[in-house]
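Written out below as structure tokens is the structure these notes cover.
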Amino acid sequence: MSAKRRTLVHWFRKGLRVHDNPALSQIFNDARASPEKFYVRPIFILDPGILDWMQVGANRWRFLQQSLVDLDKKLKELNSRLYIVRGKPVDVFPELFERWNVQLLTFESDIEPYALQRDTTVQKIASEHGVKVDTHCSHTIYNPELVIAKNLGKAPVTYQKFLGIVDKLKLPKVLAVPEGLPDGIKPIADEFEAVDSCVYDCPTLDQLVKRPQELGVNKFPGGETEALRRMEASLIDENWVAAFEKPNTAPNSLEPSTTVLSPYLKFGCLSARLLHERLKEILVRKPKHSKPPVSLVGQLLWREFYYTVAAADPNFDRMLGNAYCLQIPWQKQPDHLEAWTHGRTGYPFIDAIMRQLRQEGWIHHLARHAVACFLTRGDLWISWEDGQRVFEQLLLDQDWALNAGNWMWLSASAFFHQYFRVYSPVAFGKKTDPTGAYIRKYVPELAKYPAGCIYEPWKATLSAQREYGCVLGVDYPHRIVNHDIVHKENIKRMSAAYKVNREVRTGKQEDQNDYEPSPSQSTGKRKASSEAKKTVAKRRR
């Protein structure tokens with residue numbers, strides 16, 4: 001490589017796209033302005049520190065691999081390419097800075113504690129090598145730090161408070177795909193590449209997926225191309241967009257009743273800012289439309305809310321030391337956790353959801369509500385942290401802030417306090433799938449059970465079970481708890497836990513603004529009963 005030329009590097013982490021990517025656009029623009037001075041190298045680092053083989057399920061590895069291949073294709077259309085680097089960033093950057101004669105490193109900022117620590121170290125290394133670092137906030141619509149600053153340095157702890165703040169903020173400009181690079185800016189092979197021509201190439205599926213037997217059907221391919229296609233398909237019916245209300249979708253439809261854009265937002269294959277802009281354009285044309293928190297715009301703003309509150313607390317994904325989270329004496333029940341994790345609780349609706357999650361990597365948001373409530377305050381009294389870890393492994397759209405925030409919400413540990421509102425593992429699913437078609441698909445053992453007892457197979461006589469080809473305790477498990485009994489006991493446990501938390505936080509005035517209606521309530525206006533309001537414990541300030 002010529003000593004006269006310096007290299008501009010964009011480091012992909014999330015943000016696996018070329019549209020609306022300000023950090024990528026910056027190096028493209030700088031290089032085009034002085035093509036004789038610079039090479040451009042967009043990189044992705046396969047970091048073993050964050051891509052833990054044991055915590056990432058096969059379906060998400062496939063999604064990442066497909067996203068990287070698609071990103072490489074997109075960059076080649078711009079006369080560039082994606083360079084895959086293997087190793088820990090703190091180990092590989094010193095070598096890359098020297099070998100490539102790097103002048104500028106850009107990347108998209110991140111709020112996750114691991115990422116913050118890593119990025120601080122990388123910035124220090126860059127400074128020691130004379131490399132300038134520029135970061136851009138583009139994974140969210142609004143910069144969480146700016147929102148917190150506008151709230152006098154504290155994260156807004158209610159959705160409505162958050163809406164009031166961001167409503168006054170200027171929306172950032174959505175950037176187009178950068179212009180392609182002229183010839184000569186894409187570096188020729190250097191010595192390192194000559195030694196191993198595949199060292200920078202995208203990993204194959206076989207290289208990333210170490211347990212291929214766990215791969216399910218590929219319903220949601222990874223990559224920016226599919227993300228944009230899915231967005232356009234979701235927005236083509238503007239009347240549907242305008243009328244969308246989160247609670248009025250089916251958790252157990254055989255095909256998704258929502259957009260399934262969440263995995264693409266999580267990996268940054270789709271810009272949240274672009275989706276938000278497109279939605280707002282439609283709503284201008286459709287003045288009679290649903291509103292946050294239940295609208296599609298409202299769903300994007302829930303994502304923003306959780307990112308903001310998570311940015312203010314590095315312990316957001318755990319109970320201890322978490323400023324928002326109530327301390328609840330959950331129990332360790334390994335057998336019950338294992339049964340829930342693998343869809344063997346004996347409750348067909350719950351088991352069907354967990355099996356769909358394992359097979360496809362995605363489940364409807366109301367299905368997530370049902371299984372999260374069942375695991376925690378509803379039936380099994382197991383910590384939301386245990387459920388969070390299972391979702392971390394299996395969900396395509398697993399996102400540190402959203403995963404923890406939603407688990408705290410559904411366990412009534414933070415943000416939502418109507419702990420007495422418990423999802424029935426029987427009645428809830430029947431509302432939208434009375435015939436049990438969803439259960440027949442994901443729990444095929446019960447396929448011959450009639451609609452009258454497919455949600456409650458324990459009601460079938462032994463002779464009937466034999467006739468249906470599925471005997472409980474042999475072909476399908478007995479239910480591990482009796483919901484009618486345990487959920488009432490758990491409500492009492494929650495009441496006691498709330499009382500203890502309130503007593504621990506004595507001397508602090510209860511703030512009724514901390515109460516939020518569940519996002520699954522279509523009106524968003526229901527009030528807690530006077531008894532429930534008395535149990536709302538204060539969050540640490």
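Per residue, the convex hull around the alpha carbon atoms of the chain comes to 157 Å³. If you take all other residues with their beta carbon under 13 Å from the beta carbon of Pro251, and give Lys and Arg +1 and Asp and Glu -1, the sum is +2. Per-residue packing, averaged as other Cβ atoms within 10 Å, sorts the ranges 64-72, 81-89 into the order 64-72, 81-89, beginning with the highest. Charges at C-beta only: +1 for Lys and Arg, -1 for Asp and Glu. How large is the resulting dipole of the chain about its Cα centre, in Debye rounded to 20? The dipole magnitude comes to about 1900 debye. Note on Glu128 and Lys150: the extension gain reaches 4.5 nm, defined as 0.36 nm multiplied by sequence separation minus the Cα-Cα distance.
A Förster radius of 45 Å combined with the Cβ-Cβ distance from Val504 to Arg285 puts the calculated FRET efficiency at roughly 0.30. Compute the distance from the alpha-carbon center of the range 158-178 to that of the range 289-305, in whole Å. Here the answer is 12 Å between Cα centres.
Of the heavy-atom accessible surface of the range 1-139 (probe 1.4 angstrom), what whole percent is carbon and sulfur? Accessible surface attributable to carbon and sulfur in the range 1-139 totals 50 percent.
Scoring 209-217, 9-17, 416-424 by mean Cβ neighbours within 10 Å over their residues and listing the highest first yields 9-17, 416-424, 209-217. Using R0 = 22 Å, the C-beta based FRET efficiency linking Ala437 and Leu205 works out to 0.10. Fully extending the segment from Gln160 to Lys219 would add 17.7 nm, taking 0.36 nm per residue of separation and subtracting the current Cα-Cα distance. Over the residues of the chain, the helix contribution to mean residue ellipticity at 222 nm works out to -12500 deg cm²/dmol, using -39500 (n - 2.57) for each DSSP H run of at least 4. Per-peptide packing, taken as the mean over residues of other Cβ atoms within 10 Å, places 433-445, 260-272, 143-155 in the sequence 260-272, 433-445, 143-155 from highest down.
Starting from one equal scatterer on each C-alpha and no solvent at all, send me the Debye-based log10 I(q)/I(0) for the range 48-129 at q = 0.21 Å⁻¹, two decimals. So the normalised log intensities are -1.25. Spacing of the modelled spin labels on Asp335 and Ala176, each 7 Å from Cα toward Cβ, amounts to 6.4 nm. Against the chain, whose longest principal axis comes from its Cα atoms, helix 384-394 is set at around 50 degrees. As a calculated quantity, the FRET efficiency between Asn482 and Ser253 at R0 = 25 Å, using C-beta atoms, amounts to about 0.30. Taking Lys and Arg as +1 and Asp and Glu as -1, the other residues whose beta-carbon sits under 13 Å from that of Arg479 total -2.
Based on alpha-carbon atoms, the Kirkwood radius and the radius of gyration of the range 313-509 give Rg/Rh equal to 1.00. Taking amide H atoms as placed 1.01 Å from N in the peptide plane, the amide H of Val133 lies under 5 Å from those of Leu105, each 5 or more residues away in sequence or on another chain.
Angle of helix 483-504 to the longest C-alpha principal axis of the chain, folded into 0 to 90 degrees and rounded to 10: 60°.
With a threshold of 26 Å on the Cα-Cα distance, the over-threshold entries among Lys173/Lys291; Lys73/Lys266; Lys74/Lys288 are Lys74/Lys288.
The values are calculated or read from the model by the stated rules, or taken from the named source; none is laboratory data. What you see is a predicted model; the values in this text were computed from it and never measured. A quick note on method: Cβ atoms are made from the backbone with ideal geometry, for glycine too, and the neighbour counts reach across all protein chains shown. Quick note on the areas: whole protein, heavy atoms, side chains included, nothing else; ligands and nucleic acids left out. Shrake-Rupley method; radii C 1.70, N 1.55, O 1.52, S 1.80 Å.
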